[in-house]
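Below is one structure, written out as structure tokens, with a few remarks after it.
Every number in this text was worked out from the coordinates using simple rules, so none of it is lab data. None of these values were measured; they are calculated from a predicted model. Positions of Cβ are backbone-derived with ideal geometry, glycine not excepted, and every protein chain shown enters the neighbour counts.
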Amino acid sequence: MLNYFQKNKGRSAGSSARTGVAALGVLLAVPAHAALSDTFTPFVGVGYSYDDNLLRLSDAVARTGVPMSDHSRQMVAGVGFERPVGRQTFEGLAKVTKVSFDRFSQLDYNAKEASATWNWQLGNHVQGRLGGDFSETLVPFNDFHSAERNLRVQRGEFVEAKWSFHPEWQVRGGFKHNEFEYDLLSQRYLNRDVDGTELGLDYLTHRGSTIGLQLNHTRARYNDRTVRALEDYTQDSVRLKVYWKVGDVTDVQLLVGRAKRHHDLASGNDSSGFNGNLLAHWSPLSTLTLVGALAKEFEPFEGDFVSYSLNKRATLSAIWSPAVKVRIEARYQTTRRELQGPIRVVLPQNAEDSTRVGSINVNYQIRTNISLGASINRDVRSSNTAFSPDYRSKGASINANVQF
């Protein structure tokens, strides 16, 4: 049952707007100056957002007149670092974002993000990356439509290596481990560990293009050993990997092949078939870049009754810089999900949904270290199953950021 009636009195939109304007004025008053350090880059920022359907409630609920909109404020502080040591480079980021809502104030939270990477090199032919990352943030409401605060913690470690054993050939490999934990008791069944291994062989052309073969193996284990034990799975894929530098203004990336997903206990949820993604960049002008992408891949489902979905996604974006200090990005994405892996229920045949998201973002670089941003967006979903209800939402935001 949707839990959207809880604690929705909150703060007044007027007072929060005045607070956001005041904070914005303070940031704009910061003078431009040289960076504090060649290694560390502190930064702060503020933002103000509006969403007319924050919880992504269904069209049927919207017609009842239930309060759905909300304003939120974001205050960001963090530091990035980058330090070369000989042929090695160390880089990282630490950031905290305080998010406060007006109506659904019980959702207030502090988002945390941290990462560290060692870009290592051994001799002239062996190099790689070693690092880890951490994030804590509010779970999106696209599949979880409750006003209860549900924070997701993700921890990850990774190691990658590449050996150029010939001027035209390289072999590469990597391993990554991710842990996902959910704060809300009713959602802890989604807690899981995911390990991924990758191995590839590439041929390098003298023009900078590559073509090769990539093998991936993924192993996921859910911590809930009752019903969710049925979701433990392994996934293997064999794919062609291509980076094609068509010219100075165009490049294409392709990763396509066959993937097979096998569940340890629920073999009826197994799936296999074509899997991959395509990404293309084209810059017909120095001030304009067009980006197109296609993808077909398995993704976890962060809602009830279904464990995963097969997603088919298409994205088109345009990035335009009409002036040196101005950057405009328009983006449209459509995703069709085939819901798979039913849990405790029988899914209707061909259960699926379709989501269409459009956005326009404008960024103005006032000074070298100060930027302003504004955006508008629209999100619409249609579905043939109650497990993923229809919804529609519109939103807008403004933000300001300063580096020191």
The summed charge of the GLY156 Cβ neighbourhood (under 11 Å; Lys/Arg +1, Asp/Glu -1) stands at -3
By Cβ neighbour count within 10 Å, fewest first, VAL380, VAL139 rank VAL380, VAL139
Extension length gain for ARG356 and PHE165 (0.36 nm per residue less Cα distance), in nm, is 64.2 nm
In nm, the gap between the two label points placed 7 Å beyond Cα toward Cβ at ARG188 and GLU297 is 3.0
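Stretched out fully, how many nm does the piece from ARG225 to THR315 gain, at 0.36 nm a residue minus the Cα gap?
28.7 nm
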One finds the C-alpha centres of region 77-152 and region 360-399 to be spaced, in Å, by 21
Number of Lys pairs in the chain closer than 22 Å at Cα, excluding neighbours under 8 places apart unless interchain, is 18
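Hey, what D do you get for the chain in µm²/s if you plug the Kirkwood alpha-carbon radius into Stokes-Einstein at 4 °C and 1.567 mPa s?
Reported coefficient: 54 µm²/s.
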Computed about the Cα centre, the charge dipole of the chain from +1 Lys/Arg and -1 Asp/Glu charges at the Cβ has a magnitude in debye, to the nearest 20, of 700
Burial-style ranking of 351-360, 208-217, average other-beta-carbon count within 10 Å with highest first, yields 351-360, 208-217
Computed curve, region 226-300, Cα-only Debye sum without solvent term, log₁₀ I(q)/I(0) at 0.17, 0.19, 0.21, 0.26 Å⁻¹, is -0.72, -0.81, -0.90, -1.12
Taking the convex hull of the alpha-carbon atoms of region 54-172 and averaging its shadow over every direction gives an area in square nanometres of 10.8
